[in-house]
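Undergrad: Would you mind keeping the following structure in view while I ask a few things?
The values are calculated or read from the model by the stated rules, or taken from the named source; none is laboratory data. Quantities reported herein were computed from a predicted structural model and do not represent experimental measurements. No Cβ is skipped: glycine too gets one built from the backbone with ideal geometry, and neighbour counts run over all protein chains shown.
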Amino acid sequence: MIAQATARLFAEAGYSLYLVARNQSKLEAVADDLKVRGAEAVHTANLDVLDYSQHKVAINAAINTLDGLDLVLIAHGTLPEQKACEQSFDLTQKEFGINTLSTISLLTYLANYFEDKGQGTIAVISSVAGDRGRQSNYVYGSAKGTVTLYLQGLRNRLHKSNVNVITVKPGFVDTPMTSGMNKGLLWAKPEKIADTIFRAIDRRRDVVYAPWFWRYIMLIIRMIPELLFKRLNL
Amino acid sequence: MPYYSGWRFDVAYERYQSWGRYPKVEQEARILYWGDESLPTYECEDKTILPFGNGRSYGDVCLNEGGILLDCRHMDRFIKFDTETGILRCEAGVLLSEILQVTVSRGWFLPVTPGTQFVTVGGAIANDVHGKNHHKAGTFGCYVRRFELLRSDGARIICSNDENADFFSATIGGLGLTGVITWAELQLHHINNPFIDQEIIRYRNLDEFFELARESDQTYEHTVAWVDCLATGEQLGRGLFIRGNYAERIEGKLPQPSTTRLTFPVDPPFALINGLTLKVFNSVYYHKQWSKRTKSQVYYEPFFYPLDAIRAWNKLYGSKGFFQYQCAVPTEQMKNAIGEILERIGKVGIGSFLAVLKLFGDKPSPGLLSFPMPGATLALDFPNSGAKTLHLLDQLDAVIREIGGRIYPAKDARMRPEDFQAGYQHWKTMEAYIDPHISSSLWRRVTAQP
Ligand SMILES: Cc1cc2nc3c(=O)[nH]c(=O)nc-3n(C[C@H](O)[C@H](O)[C@H](O)COP(=O)(O)OP(=O)(O)OC[C@H]3O[C@@H](n4cnc5c(N)ncnc54)[C@H](O)[C@@H]3O)c2cc1C
Ligand SMILES: NC(=O)c1ccc[n+]([C@@H]2O[C@H](COP(=O)([O-])OP(=O)(O)OC[C@H]3O[C@@H](n4cnc5c(N)ncnc54)[C@H](OP(=O)(O)O)[C@@H]3O)[C@@H](O)[C@H]2O)c1
């Protein structure tokens, strides 16, 4: 949903878009919507991100169709069930596959493409959960934390090639991923996150928290000494 | 599924309320994100479900106490828009405001719009809403070409005037009971620009209203009156008559679209609560306009949606919520009936902040339980002062009952079953089309055996 909301902003601004997802009927529904909202053109392609062998093909298809890319947004993800992962390495591995390795695989191709091109923007959705490991959520947290760290290095590498790498760290967002949870004060709508992403791209930011106040919440969380942190029920 | 569970901030999630914030009920909610999902009937063998749009209904038509709400707001994708013909197809959770954002700049407007743009297409169909152009255009349902109805057994019924016409008419004004509308196709109205040529006329009493309305309804697309509820005697029913047409062309320099250019003084939020401040407000409102007539060209938003300028204005009535009361009365009796109602309100002195009066036209709706009837309609707001308010509303019911009028379910939280059943003669026919897994607080209330 965050991806859809962001794509709408680009559609309204008249961009050409290339959507990649695993579900064909959802892809079509979103593509139709973006066309009505004003996108110059919308193309779609099917990809299950766990199918690593197709990553290069998919990226090349996008490059060819759009006649080159200016911007990519990587926004897929799943929220693992922490307790189930504690009992199953297979499950943990799969979650790392979706949330971490697939992203790294895509980024490997994309980084080289943009590096050659000498310009462009790569925006990737990580999470505040990747800022510190917590007992309730450390499988997801470490999967996202790896992405955050990877992007940090990539940003450093691509800076000289004029490529902007943006790490987006949303807090709680009301989307299918979090359905069934009680939604309180700190929750944001995907449109809000989309807005932050859109502006971050425009302003060539490096790391953005969405909404902004998470920067300070996470600052505090990270400052708690480990000696104390390990005793907390977080 | 515990996620972030150690530090979750649980605050009551207020989304699933109706606009009047009365009644308050216990219910669960599920979100439908995609039109091709099936309904969660497997989880609720013993519980009923009810589609929920954007909660802009005032009473309990969008509530399902003890049951499950299906939040349809996230099915909010456009499907196709033909800028030549003005035919728009979209999912049912799209808001009217979102439609306007996309279509106005391309020369198309909603054929019918209620007084807020924050309602979903599904909600607009289910209550078969009307607007200031009812006398010319009829209801929203008159412009619905087709839609898909998703039933709890998984059936998907395409409905139009010639395909499953019975489900088509049971669903328009069907109060969400026949199934979930997943998408709909609408015929929009062509406009040259987003402006309205508006004229506001101060009139002195009910007779003047009826005269003005009859005359204006011939030549004006949109007409409505704001009534000073607390005026009595000779001045009973006095107010401002507002009429407008889509502007042919923009006069002078392009006026800046801005919702702050309000024609109405909608500022005194805290004054709404007690009788004294109401009195002051109604009177100030009436005298707001010094000259008898003013003409201007206004952007469509302040013309159609003056109340939308204050988001969440419903909270100003406090946590007990408030009642909206809207009735329709047939032409022959309308003068007396409206007079009688205004008199009763004037007497009790717990007047309404907003009183809106309009003549309905005779264009029939395809809807089986559609609210409008040829005649007049009056809409009123009352703070919830418990028994006192309920007693007054019961008295108003008596007037309606006597003359064969009816009350609008979209705004109701308390009408009696007898009055619903007398007002909506087709309610029994409706039962055949109701989905066996769907029900609402309103429906259980108004079909209860006396
Ligand atoms: C300020 C204000 C001004 C208003 N002015 C007017 C006016 O001028 N004229 C008028 O007619 N009304 C008016 N209304 C009432 C409002 O237009 C209706 O109540 C409308 O139906 C609300 O739509 P919603 O999307 O919020 O639906 P909700 O209130 O959430 O639900 C309304 C009904 O629609 C059903 N429903 C919702 N989505 C679906 C779906 N996808 N499939 C099937 N059923 C569905 C629900 O079950 C329920 O029965 C006004 C309301 C406000 C707050
Ligand atoms: N929601 C939050 O609170 C939150 C907080 C922090 C970060 N995030 C991150 O934000 C991003 C967007 O999530 P969201 O909240 O918008 O949730 P979402 O609506 O569930 O979006 C996640 C998307 O990932 C897709 N996906 C999952 N597995 C896939 C696979 N194997 N192959 C291809 N696509 C796959 C899903 O596709 P299907 O529709 O086909 O399932 C879905 O479209 C994710 O990276 C998420 O981790 C979310």
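Undergrad: Could you please let me know if B:Thr120 is within 9 Å of ligand 1 (Cβ to nearest atom), among the hydroxyl-bearing types (Ser, Thr, Tyr) and within 18 Å of B:Asp71 (Cα to Cα)?
TA: Details: within 9 Å of ligand 1 (Cβ to nearest atom): yes; among the hydroxyl-bearing types (Ser, Thr, Tyr): yes; within 18 Å of B:Asp71 (Cα to Cα): yes.
Taking the combined requirement at face value, the residue satisfies it.
Undergrad: Follow-up question, since we're still on this one. Output the residues belonging to the range B:217-247 that are assigned to a loop (DSSP other than H, G, I, E, B) and modelled with pLDDT under 95. Write out each step before concluding.
TA: The initial filter retains those residues of the range B:217-247 that are assigned to a loop (DSSP other than H, G, I, E, B), namely B:220-221, B:228-232, B:236-238, B:247.
Answer for the range B:217-247, where residues must be assigned to a loop (DSSP other than H, G, I, E, B) and modelled with pLDDT under 95: B:Asp228, B:Cys229, B:Leu230, B:Ala231, B:Thr232, B:Leu236, B:Gly237, B:Arg238.
Undergrad: Ok, one more. Please determine, by comparing only the residues of the range A:33-66 that are assigned to a loop (DSSP other than H, G, I, E, B) and of a type in the set (Asp, Glu), which one is farthest from B:Ile87 (Cα to Cα).
TA: Of everything passing the filter in the range A:33-66, A:Asp51 is farthest from B:Ile87 (Cα to Cα).
Undergrad: Restricting the search to the range B:59-108, which residues are away from every other protein chain (no Cβ under 13 Å), surrounded by fewer than 19 Cβ atoms within 10 Å (Cβ to Cβ) and touching a strand residue (DSSP E or B) at 6+ places or on another chain (Cβ under 7 Å)?
TA: Within the range B:59-108, just B:Gly107 meets the criteria.
Undergrad: Among the residues of the range A:77-108, which ones are β-branched (Val, Ile, Thr), under 18 Å from A:Ser53 (Cα atoms) and more than 10 Å from ligand 2 (Cβ to nearest atom)?
TA: Residues of the range A:77-108 that are β-branched (Val, Ile, Thr), as a first pass: A:78, A:92, A:98, A:100, A:103-104, A:108.
After this cut, where a residue has to be under 18 Å from A:Ser53 (Cα atoms) as well, the list is A:98, A:100, A:103-104, A:108.
Once the filter is applied, which keeps residues that are β-branched (Val, Ile, Thr), under 18 Å from A:Ser53 (Cα atoms) and more than 10 Å from ligand 2 (Cβ to nearest atom), the range A:77-108 yields A:Thr100, A:Ile104, A:Thr108.
Undergrad: Then there's this: Test A:Ala29 against the stated conditions and say whether it is in a helix (DSSP H, G or I), without any contact (Cβ under 8 Å) to a residue 12 or more places away in the chain and among the hydrophobic types (A, V, I, L, M, F, W, C). Walk me through it before giving the result.
TA: Details: in a helix (DSSP H, G or I): yes; without any contact (Cβ under 8 Å) to a residue 12 or more places away in the chain: yes; among the hydrophobic types (A, V, I, L, M, F, W, C): yes.
So A:Ala29 fits the description; yes.
Undergrad: From the set of residues in the range B:403-450 that are under 23 Å from B:Arg56 (Cα atoms) and of a type in the set (Ser, Thr, Tyr), which is surrounded by the fewest Cβ atoms within 10 Å (Cβ to Cβ)?
TA: Among residues in the range B:403-450 that are under 23 Å from B:Arg56 (Cα atoms) and of a type in the set (Ser, Thr, Tyr), the one surrounded by the fewest Cβ atoms within 10 Å (Cβ to Cβ) is B:Thr447.
Undergrad: Sticking with this structure for a sec: Which of the following residues is among the basic types (Lys, Arg) and away from ligand 2 (no atom under 11 Å from the Cβ): A:Arg37, A:Arg22? If you could, list the steps in order and put the result at the bottom.
TA: Values: A:Arg22 fails: away from ligand 2 (no atom under 11 Å from the Cβ).
From the options A:Arg37, A:Arg22, the qualifying one is A:Arg37.
Undergrad: Further, regarding this structure: Residues in the range A:193-200: is at least one of a type in the set (Ser, Thr, Tyr), under 18 Å from A:Ser127 (Cα atoms) and within 16 Å of ligand 2 (Cβ to nearest atom)? If you could, list the steps in order and put the result at the bottom.
TA: Kept after step one, since they are of a type in the set (Ser, Thr, Tyr), are these residues of the range A:193-200: A:196.
After this cut, where a residue has to be under 18 Å from A:Ser127 (Cα atoms) as well, the list is A:196.
Of the ones still in play, those that are also within 16 Å of ligand 2 (Cβ to nearest atom) are A:196.
Yes, the conditions are met somewhere in the range A:193-200.
Undergrad: Name every residue in the range A:206-231 that is over 24 Å from A:Tyr150 (Cα atoms) and touching a residue at least 12 places away in the same chain (Cβ under 8 Å), in order of residue number.
TA: Correct list: A:Phe229 only.
Undergrad: Since A:Gln119 meets every condition but one in (1) in contact with a strand residue (DSSP E or B) (Cβ under 9 Å, 6 or more places away or on another chain); (2) among the polar types (S, T, N, Q); (3) buried (at least 19 other Cβ atoms within 10 Å of the Cβ), which condition does it not meet?
TA: (3)
Undergrad: Additional query: Can you tell me which residues in the range A:67-97 are acidic (Asp, Glu) and either within 16 Å of A:Asn112 (Cβ to Cβ) or in a loop (DSSP other than H, G, I, E, B) (or both)? Can you show your working first?
TA: Keep residues of the range A:67-97 that are acidic (Asp, Glu), which gives A:67, A:70, A:81, A:86, A:90, A:95.
If the condition is that a residue be acidic (Asp, Glu) and either within 16 Å of A:Asn112 (Cβ to Cβ) or in a loop (DSSP other than H, G, I, E, B) (or both), then A:Asp67, A:Asp70, A:Glu81 are the ones that fit.
Undergrad: Return the pairs, sorted by first residue and then second, in which the second residue is away from ligand 1 (no atom under 16 Å from the Cβ) and β-branched (Val, Ile, Thr), the first residue lies in the range A:128-142 and is within 12 Å of A:Leu79 (Cα to Cα), the beta carbons are less than 6 Å apart, and the residues are 6+ apart or on different chains.
TA: Close Cβ pairs (under 6 Å, with a partner that is away from ligand 1 (no atom under 16 Å from the Cβ) and β-branched (Val, Ile, Thr)) amount to A:Val139/A:Thr92.
Undergrad: Just one of B:Arg401, B:Arg414 is within 20 Å of the chain's Cα centre (by Cα), more than 15 Å from ligand 1 (Cβ to nearest atom) and of a type in the set (D, E, K, R); which is it? Show your work before the answer.
TA: Values: B:Arg401 fails: within 20 Å of the chain's Cα centre (by Cα).
When all the criteria are applied, what remains is B:Arg414.
Undergrad: Out of the residues in the range A:1-25 meeting the condition of being polar (S, T, N, Q) and surrounded by fewer than 22 Cβ atoms within 10 Å (Cβ to Cβ), tell me which one is nearest to ligand 1 (Cβ to nearest atom). Steps first, please.
TA: Of all residues in the range A:1-25, those polar (S, T, N, Q) come to A:4, A:6, A:16, A:23-25.
Those left that are additionally surrounded by fewer than 22 Cβ atoms within 10 Å (Cβ to Cβ): A:16, A:23-25.
On the way: A:Ser16: 32, A:Asn23: 22, A:Gln24: 24, A:Ser25: 18 Å.
Among them, the one singled out is A:Ser25.
Undergrad: Output the residues belonging to the range B:204-218 that are over 22 Å from the mean Cα position of the chain (by Cα), within 19 Å of B:Gly375 (Cβ to Cβ) and either buried (at least 20 other Cβ atoms within 10 Å of the Cβ) or basic (Lys, Arg) (or both).
TA: Result: B:Leu206, B:Phe209, B:Arg214, B:Ser216.
Undergrad: Please indicate, with yes or no, whether at least one residue in the range B:219-237 is more than 24 Å from the chain's Cα centre (by Cα), within 26 Å of B:Ser370 (Cα to Cα) and surrounded by fewer than 16 Cβ atoms within 10 Å (Cβ to Cβ).
TA: Yes, because at least one residue in the range B:219-237 is more than 24 Å from the chain's Cα centre (by Cα), within 26 Å of B:Ser370 (Cα to Cα) and surrounded by fewer than 16 Cβ atoms within 10 Å (Cβ to Cβ).
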